[in-house]
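Quick notes on the structure that follows.
The values are calculated or read from the model by the stated rules, or taken from the named source; none is laboratory data. Being a predicted model, the structure only gives us computed values, none of them experimental. As a convention, Cβ positions derive from the backbone with ideal geometry for all residues, glycine included, and neighbour counts pool all protein chains shown. Side chains included, ligands, DNA and RNA excluded: accessible areas come from the protein's heavy atoms. Shrake-Rupley method; radii C 1.70, N 1.55, O 1.52, S 1.80 Å.
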Amino acid sequence: MKTIILAAVLALSAGTALALEEPPIDLRGDATQGGMMRGTVQPGSTLHLNGEAVRVHEDGFFIIGFSHDAPPDARLELTRPDGSTHQQTIKITQRDYDEQHINGLPPKKVTPPPEVQARLTHERGQVKSARNVASDHEHWRARRIRPAS
């Protein structure tokens, strides 16, 4: 009888320990096209979103974002410091965007002259370069405050 009770207590305590274990990837935020999510993983882990490395802070915090036309599924791949791995699929809510059409524009606005097109191409390159800068600033940790409207 003591063996049965001991086995039951051990089984219950093991189940409780499993239930209390933290998820490998803790995510919070908006899993929608154009949205962003914050998360935590075990410090020292590496993380990839759809095959691309995600910067993980030394304390395990990270942030990810989804483009306006992101596909319905995103895949997170976690590698813990001990080498164990975990994969998680994020279901991304798809959005319908209103299309706007502007009729009657002057032709130079629809098909810019070569010098304007060259300037636009240069400016797009500058924007792309700026967006590719990886910063150590931690402003993303702050709570977002919507501007007054």
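Could you count how many residues in region 58-83 are open to solvent by less than 50 Å² (accessible area, probe 1.4 Å), closer than 21 Å to residue 134 by Cα and not in a strand (DSSP E or B)? Qualifying residue count, region 58-83: 2. Pick from region 131-144 the residues that are under 21 Å from residue 60 (Cα atoms) and not in a loop (DSSP other than H, G, I, E, B): which of them is most open to solvent (accessible area, probe 1.4 Å)? That would be 139. Which condition number in (1) farther than 18 Å from residue 35 by Cβ; (2) touching a Pro at 6+ places or on another chain (Cβ under 9 Å); (3) open to solvent by 70 Å² or more (accessible area, probe 1.4 Å) is the one that residue 91 fails? Failing condition for residue 91: (1).
Sort out which residues of region 115-130 are open to solvent by less than 100 Å² (accessible area, probe 1.4 Å) and of a type outside the set (A, V, I, L, M), and write them in order of number. So that I can check it myself, show each step before the final result.
Our first condition is that a residue be open to solvent by less than 100 Å² (accessible area, probe 1.4 Å); within region 115-130, this holds for 116-118, 120-121, 123, 125, 127, 129-130.
Answer for region 115-130, where residues must be open to solvent by less than 100 Å² (accessible area, probe 1.4 Å) and of a type outside the set (A, V, I, L, M): 117, 121, 123, 125, 129.
Okay, residues lined up against (1) more than 20 Å from residue 38 (Cβ to Cβ); (2) within 14 Å of the chain's Cα centre (by Cα); (3) among the basic types (Lys, Arg):
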site: 52; (1), (2), (3): no, yes, no
site: 56; (1), (2), (3): no, yes, no
site: 75; (1), (2), (3): no, yes, yes
site: 83; (1), (2), (3): yes, no, no
site: 103; (1), (2), (3): yes, no, no
site: 106; (1), (2), (3): yes, no, no
